[in-house]
Every structure is written in structure tokens, then in C-alpha cells.
Amino acid sequence: MRRACIRAVRSMVTGGSGYGMLRWRSRLARKAPWWLAPAALVLWSACSGPARGPEVALAPGESRAFTGTWSASGSRNTLRLGPDHRASIVSLTGSLLLTGSRGLGIGFQAEVIGMSDNLTGGQGHCVWTDERGDQIFSELRGGPLGSGSAFVGTITGGTGRYAGLTGEYRFRWKYVIDTEDGVISGRTDDLVGRAQAPASTPAGKPAG
Amino acid sequence: MGVPAAKLGAVVKRAVPFALTLGIWFTPVPAGLTEPAWHLFAIFTGAIVSVIVDAFPLLTAATLAVAAAVLTGTIMPAKAFAGFANASVLLVIVAFLVARAVVKSGLGRRISLAVVSAFGGSTLGLAYSIFLTDAAIAPAFPSNTARGGVLFPIVLSLAQGAGSMPDDPKTRPLGAYLMFCGMASLAVSSALWLTATSANPIGVEIAEHFGLKIDFGSWLVASSVPTLAAILLLPPVLYRLLPPGVRATPGATAAAREALRSLGPLGRDEKIVSVAFALMVTGWIMARTLSLDLTAVAFAGLGALLATSVLTLDDIAQEGGTLATYLWLAVLFALSGQLNELGFMGYVGGRLASGLQGVPWLAAYVALIVLYVLMHYLFVSQSSQVLALFGVFVEVGTRTGVPAPLLAFSLLFASSYFSTITPQGGSQNVIFVGSGYLTQGELYRVGGLTTGVCLLIFLLLGTPWLLLVAR
């Protein structure tokens, strides 16, 4: 048995010819890398969290704090307005992962469209979308988009379980990298905020 | 009896990727992801798995995947087809066409004879000549795709000069071995020098925000031991994984010298290709200083070769393989980019990395490096992975107590050597893949094993070295 296992492993590693029942396995090994299985397991474990996050429904009037990290990438188109003045349109998408057991769930896909001016600062609109397609809308204001610049987001509402949500959040871009081909990428690890559900939803139902 | 069984096997093999795609598609979307991100992951996984189990060729898998992604409304057509206008993808295609000119003009044969006359005593000698040449020219090239464009015609000429042809089962193994040596050498030489690939400076810029100052010298010191060990070990390792069939060629050196003498002076086409190639190489080296676009430089070279009739429209028309490469590369490039844009890569990276909180730092360090390398199965660009995951992994690792310089350097080196894990793992690979010498199965099997060998070298040798020298 032990020898058979050794032969199987050897044939998988070398892609060499197998013996008897192991032959089909070695053929497969020639096609598939041996660590495909662990790779798939690793990937599965990353995605195998709860299909629904922690209970995110807020009771009417309830306020909750949340913290998180945000990795974003996208594009920046810059217009030069003189030797020291640049304005740019920025479009970013990425993953916003929240921490804490009673925040707003595990995370969102975050999209931003905004304008950044190196003299007057940046502003934009942001949409967070969760696994159900429910969204949170916010407006962003802060410094010119770049490493270290701080932003404040004002939550202006949402859809589905986030309808009528208000609140505020803050973060500082730990880094923002502009590559030569116009791709921009950034990350923040200190996003903190608080969201409050409306006292009663327009339909008279609890949010969520 | 055997035929129906074989047919049944083929049907089952083809059904597996579809079943996998549907299985993932209809699994509830994990919290924190969106439906489009999850569905695109299902399609992308199905496509990659179908190639790995040899159910479909890359081109078939890529075209089915992009059609599914657009027709199901998972991604917008403009995003799905964006890879066709991507500069890196175009650079690969143009470099492939220029390589044809090098071979057609006879310059390639001359170069191969010169290499064989110096290193031709053994196949292993030829392999080392590829690794050493690449390592020597690497610091001057800011793009490893451009460097692949320089190395490929030489490797192709070496293979053809030795009588190896992609369609001949007896002679193909030698060419396959040399081609993979070209890919592997680009992977490790990119780790050796800070300036050898565009992903390195991006990583260094991100590392600065974690308090690390890395310059050309400190990078070289940090990379020297594990990278030189990899350069030393990879040719014999690949020799075992992809036996070239020809071991020693005792008479080759003298024969090559004789053949080189009999070639006489450079012909017209060889002179034109030499000048065009030299100008292209100069343009690529000076690209950053002179603000030149790498792909535009390649197009200028190709244009010159067409204008001087070194390459003809008939030559281009015969490049069906290049068209196939263009199609699958552009599609996979766009789909992988969309997975990143939809937040999937950040989500998976963040979830995996944060799961290591509280783990002893050495275990966390090893796990982070292994995870980072394995995640390259989903990426088609090294720079994209550095931008998407490098900062996340450094952040989590340093929080668990991994020394920041150790982790940053190890991840940055991994960002180079993991490029051989799949044929699409680095655009420079694609030039060699398009030669036809390597089969799909070989590319994934040997690619995975080569990356594994590099991972071991960098973990076992690189870690103590980095703890000693990296600050």
C-alpha cells in the first residue's frame, strides 16, 4: 500500500508512466498540477463563509458602528490646468471588508466615481453593493486623491434593507499608486463609521 | 469496446468544467461578494479547469467563457473585450511577429550558431546560456514582456538550429525544454533585479508606505542568494521534468563554428533585422527615460520590417497561431481584470489573509507566501496581483508579527517567480507558449512544479538570507 502511494505520488510529480490502476491517475497528473486540489480548497475556504453575513438588519432608529478595510483599483484621467494644477476624474471599484460582529455585514463591492483637484481636494459618489444586491449610497469629500489623503463619507440612503440609512464614515488612504498606463490602485485599513436606520421605513416596515 | 469508453471519457472530461461552473454559479453568493463577481468567478474557474484537465484548448475555453460572461449579463461587453486593446497583450503579439523576422532573415540561425559554438557541448549548457544571458540583460529592461521579445527569437533559433520542430514528436522535446527554460529564466531574472519588470517598482512604492526603503542595491543584495540558487538549480530540474531527449552534443561546438564561418558576412535582411532589433531594444531600455511606449516601439520595429519587405503580408497571413494567442490572451486578461475590478480578488485575499490572525509569525509567513503564489492561478498579470494583494498581505503579515522586510521581499520575489504557474501567468510566457513546442498539459504540470521548486528555494534559502540582510 505504502509503495503504491509512493508510486502514485512519484508519478504525479514526474508525470511519468504509471502502473496498472495508477495509470489513469498518472495521465491525469500529466494534465493537472498536483497542487490544484489544495489551491481549490484554499479558494473554497476563502469563499465558504456564510452565504449571508451576520445579521445586518437594523431595527428602526438603531445605530451601529463599523470598521473595515478597502482595496480599490480603477482608472484616473487627468487634465492639466497649468504647471502646478491638475484635475482628474477617477473611477474605482474594489472590495470593502468590514470587521466586527454587529457592523453592516461582512463586506461590499464598493464603486466610486469622483473628481480630484490637487489644489481644492476631491469629492465623489460611492455605492456599496452586498451579496443580495442591496446598496448603500454615500458622498465622499476629502483631500486630493493620493497616499495619506483623508476622506469623509456621508451615507445618504440605500436600497432594500439599507433603505433610508444615514450615517458617516472616515478613512485615510494608506497608499494610492498610479501606474504608467493610467491604472490607479489604493488601500485603506482604517475605515471607521456609524450608520443609523430611519425611525421607520417609508413602507412602515423595519429596515432589513 | 475501447472506442466508446474513450469517447465516454472525453465527454465526462468535457462535462466536468460545465458542471463545476454551474455548481459554483448556483451556490449562494458568499456574504461580501456581489452576484456578478461570483458568477464571473464560476465562469473563469470553469474555463481554467477545462484547460487544466485538457477538456478544451485555451482558445476554446476562453471564447466560451467570454461569450458566457457577456451573454448572461455578468459583465459589460466593453469590459469583456477591453483586453484586445491592452498594450501588454499587443506587445506580446508584435514581439511574436518580430521574432518571425529574426528567424526568417537568417539572423536567428547565426545567433544560435554563435551560442552553440560557445555553450553547445551539452543541452544543459544551452539552458544555462539562456538563463545567464537573460540574467545579464534583465536590469536594463523595464518590461519582462519586452525582454521575452528579445530572448524568444534566440531560443527559437537555438531549437530550430538543433533540428527540433514542434510538429515532430521525436525532436520536439528539445525545443520544449529550451522554451520552458526561456520562460523560467524570465521569471527568476525578474526577481533578481529591481528594474527587471514593471511589477517590482510598483511593489517597492507600496512597501514604502509600510516604512520600507528599497533601492536597486538593497534589492540586489536581498535577491542575490535565492535567485542565483534558482538560476543554478532550474536547468537540471527542468531537464528532469521535461527531458529534452538530447543529452550531449560533443561535435556541436566545432560544427557550429564551422557553419558560422561558412555563413559569411551578414545578408541584406539580416542587417535590416539587426538594426531594427537594436533600435527596438534601445527603445525598450530607454522607454522610461524618454517616455516611450513599449508597445509603440515594437510596432515601429514591425513597421520597419514590413516596409523593407523583410516580413511580407504573406508571412503575417500565415501566423494563425498568433491570432489564436491574441484571442485567448486578450479574453483571459480582461476576465481576470474584471474579477479584480468586481472586488473578488481583494475579497479572497483579504479573507484568506485575515484568517491568519493569531497564528505564530513563522507559520503565518509561510502560509501567506504559499497563498499569494497559489492565488496567481486567477491572475493574468503580475502587476495586477501586486496592486491588488501585495499591500493586503504585508499588512496582515506584519500584524501577526512577521518582520516587514522579510515578508515584503519574499512577496515581491514571489511576484516574479510565480509567473510560470500557468501559461497566462505572465504575458512574457505567452510568446514562448505560442511557439507550439509546449503542450497544454506540460505547461500546467511543469509550470506548477517549477513554481513549487522556486517557492521551496526562496522559502528555505531566501528566508534565512533575508533575515540576515533585509532591513
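The values are calculated or read from the model by the stated rules, or taken from the named source; none is laboratory data. Note that the structure is predicted; figures quoted are calculated from it, not measured. FYI the Cβ positions are ideal-geometry reconstructions off the backbone, even for glycines, and counts take in every protein chain you see.
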- Return the total of residues in region B:46-74 being surrounded by fewer than 21 Cβ atoms within 10 Å (Cβ to Cβ), under 15 Å from residue B:336 (Cα atoms) and of a type outside the set (A, V, I, L, M). 1
- Message: Suppose we filter region B:365-380 for residues that are in contact (Cβ under 8 Å) with a residue 60 or more places away in the chain, more than 9 Å from chain A (Cβ to nearest Cβ) and more than 21 Å from residue B:335 (Cβ to Cβ); how many remain?
- Response: 3
- Query: When you look at residue B:42, is it in contact with a Pro (Cβ under 9 Å, 6 or more places away or on another chain), part of a helix (DSSP H, G or I) and within 23 Å of residue B:421 (Cα to Cα), yes or no?
  - Reply: no
- Note on the structure: Sole miss for residue B:77 among (1) free of Cβ contacts under 8 Å to residues at least 24 places away in the same chain; (2) under 29 Å from the mean Cα position of the chain (by Cα); (3) over 15 Å from residue B:335 (Cα atoms) is condition (3)
- Task: Could you name every one of the strands (runs of 3 or more DSSP E) located completely within region A:133-175 that has at least 2 residues being small (Gly, Ala, Ser)?
- Result: A:135-142, A:150-158
- Query: Of the residues B:320, B:337, which single one is of a type outside the set (Val, Ile, Thr) and either within 14 Å of chain A (Cβ to nearest Cβ) or under 30 Å from residue B:35 (Cβ atoms) (or both)?
  - Reply: B:337
- Item | Residue list for region A:83-97, restricted to those being part of a strand (DSSP E or B) and either facing chain B (nearest Cβ under 8 Å) or free of Cβ contacts under 8 Å to residues at least 24 places away in the same chain (or both) | A:91, A:93, A:94, A:95, A:96, A:97
- Query: Can residue B:280 be described as part of a helix (DSSP H, G or I), touching a residue at least 60 places away in the same chain (Cβ under 8 Å), farther than 23 Å from residue B:162 by Cα and of a type outside the set (Val, Ile, Thr)?
  - Reply: yes
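Let's see how each residue does on (1) in a loop (DSSP other than H, G, I, E, B); (2) among the aromatic types (Phe, Trp, Tyr); (3) away from chain A (no Cβ under 14 Å):
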{"site": "B:408", "(1), (2), (3)": "no, no, no"}
{"site": "B:417", "(1), (2), (3)": "no, yes, yes"}
{"site": "B:428", "(1), (2), (3)": "no, no, yes"}
{"site": "B:435", "(1), (2), (3)": "yes, no, yes"}
{"site": "B:463", "(1), (2), (3)": "no, no, yes"}
{"site": "B:467", "(1), (2), (3)": "no, no, yes"}
- Give region B:437-454 a look and list any residue that's within 14 Å of another protein chain (Cβ to nearest Cβ) and among the hydroxyl-bearing types (Ser, Thr, Tyr), or say none. B:439, B:444, B:450, B:451
- Query: In region A:103-139, how many residues are more than 11 Å from every other protein chain (Cβ to nearest Cβ) and either under 19 Å from residue A:78 (Cα atoms) or surrounded by fewer than 15 Cβ atoms within 10 Å (Cβ to Cβ) (or both)?
  - Reply: 15
- Task: Could you list, in sequence order, all residues of region B:342-354 that are of a type outside the set (Phe, Trp, Tyr), touching a residue at least 24 places away in the same chain (Cβ under 8 Å) and crowded, with 24+ Cβ neighbours inside 10 Å?
- Result: B:342, B:343, B:345, B:346, B:348, B:349, B:350, B:353
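Looking only at region A:190-208, filter to residues that are buried (at least 19 other Cβ atoms within 10 Å of the Cβ) and in contact with a helix residue (DSSP H, G or I) (Cβ under 9 Å, 6 or more places away or on another chain); which one of those is modelled with the lowest pLDDT? Quick ask: steps written out before the conclusion?
Within region A:190-208, the subset buried (at least 19 other Cβ atoms within 10 Å of the Cβ) is A:191, A:193, A:195, A:197, A:207.
Checking which are in contact with a helix residue (DSSP H, G or I) (Cβ under 9 Å, 6 or more places away or on another chain) leaves us with A:195, A:197, A:207.
Working: A:195: 92, A:197: 89, A:207: 44.
By that ranking, first place goes to A:207.
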- Item | Members of region B:344-364 that are over 23 Å from residue B:332 (Cβ atoms) and either facing chain A (nearest Cβ under 7 Å) or part of a helix (DSSP H, G or I) (or both) | B:350, B:351, B:353, B:354, B:361, B:362, B:363, B:364
- What number of residues within region B:198-238 are at pLDDT below 95 and within 14 Å of another protein chain (Cβ to nearest Cβ)? 15
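Return yes when residue B:331 is within 26 Å of residue A:188 (Cα to Cα) and away from chain A (no Cβ under 12 Å) and no when it is not.
No; evaluated as a whole, the condition is false for this residue.
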